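Okay, so here's the structure we're looking at.
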Amino acid sequence: MSEARSGATEAAQGHSPARLVSTAKPGVGRMPPLRTECGDFSMRIARDGSWHYKGSLIGRKELVCLFASVLKREEDGSFWLETPVERGRIEVEDAPFVAVEMWWRSCADPFVPAGVPAAEPRQCLTFRTNLDEMVTADSDHPIRVTIDPRTREPRPYITVRPGLEARINRAVFYELVALAEQEEVDGRAKLGVWSQGVFFPIDDVPVLAADPPPARRGRTSPPRNAARNAGMPAAE
């Protein structure tokens with residue numbers, strides 16, 4: 001009787017959030033079993049970063065953070081939740097995370113030996129996601145901006161983990177554009193930002209507005225609205 005009740009409970013749970021939580025971490029001292037392919041988990045991450053299960057909002061942030069910790073992206077662009085025992089596909093409308101805050105700071109050059117003064121501090125841009133994950137833009141966490149060829153509307157993103165990005169929201173994008181500088185990339189004048197010694201282009205500089213790029217590698221102090229009037233449209 002107890003076995004029948006247990007089987008009925010498991011069948012009723014199906015691929016519910018409660019079942020996923022129970023399998024998110026392997027048992028201590030146990031060999032992980034073979035992972036089961038479960039198909040579609042009926043989960044969706046909306047464009048605003050909220051998580052939904054069968055149309056209902058998942059309101060518990062701790063639960064969402066747990067699911068996000070096992071989120072993976074395949075080479076074909078599909079998104080999966082992978083626990084030690086099972087994996088299933090989920091829908092992501094845009095990017096799985098949203099960058100909701102940004103900090104500017106000057107940081108040391110990691111390639112300069114300790115005790116040797118650097119030529120100047122480097123600008124570092126750190127973002128906080130809607131799930132409170134912190135990420136600093138660098139070569140492993142690039143900022144990319146796609147521009148709609150018809151409307152010229154930018155869609156800015158930053159890589160949080162391999163294959164997983166955060167969409168930079170409009171307010172944060174305005175702050176990002178205010179830090180923008182002009183540099184030459186592949187012979188073209190680009191407006192972009194520096195972080196950890198890496199230049200991240202945002203958009204082309206209009207031909208009439210293009211000046212010779214300054215010979216520097218990242219700001220040491222925040223600019224005074226350097227690109228506020230550069231003609232950049234609002235991020236979506």
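The values are calculated or read from the model by the stated rules, or taken from the named source; none is laboratory data. These numbers come from a predicted model, not from an experiment. Calculation scope for accessible area: heavy atoms of the full protein, side chains included, ligands and nucleic acids excluded. Shrake-Rupley method; radii C 1.70, N 1.55, O 1.52, S 1.80 Å.
Rg (Å, one decimal) plus Dmax (Å, integer) for the alpha carbons of segment 118-200?
In Å, with Rg to one decimal and Dmax whole: 13.2, 44.
Taking H as built 1.01 Å from N, whose amide H comes closer than 5 Å to the amide H of Gly197, not counting residues under 5 places away?
Here Gln123 satisfy the definition.
Taking a cut-off of 17 Å between Cα atoms, list the aspartates and glutamates near Lys61, but don't count ones fewer than 8 places away on the same chain.
Asp48, Asp132, Glu133
I need the phi-derived Karplus couplings for segment 71-86: 6.51 cos²θ - 1.76 cosθ + 1.60, θ = phi - 60°, integer Hz, Gly and Pro marked x.
For segment 71-86, the Karplus-derived couplings read 7, 10, 10, 7, 4, 7, x, 6, 10, 9, 9, 10, 9, x, 10, 7 Hz, x marking Gly and Pro.
Rounded to whole Hz and in sequence order, give me ³J(HN,Hα) for segment 145-152 from the Karplus expression 6.51 cos²θ - 1.76 cosθ + 1.60, θ = phi - 60°, writing x for Gly and Pro.
Taking θ as phi minus 60°, the curve returns 10, 9, 10, 5, x, 8, 9, 6 Hz for segment 145-152.
Taking amide H positions as placed 1.01 Å from N in the peptide plane, with prolines and chain starts having none, which residues 5 or more places from Asp203, or on another chain, fall under 5 Å of its amide H?
Leu191
With every protein chain kept in the model, how would you rank Asp94, Asp132 by accessible area, 1.4 Å probe, largest at the top?
Details: Asp94 40, Asp132 80 Å².
Accessible-area ranking of Asp94, Asp132, largest first: Asp132, Asp94.
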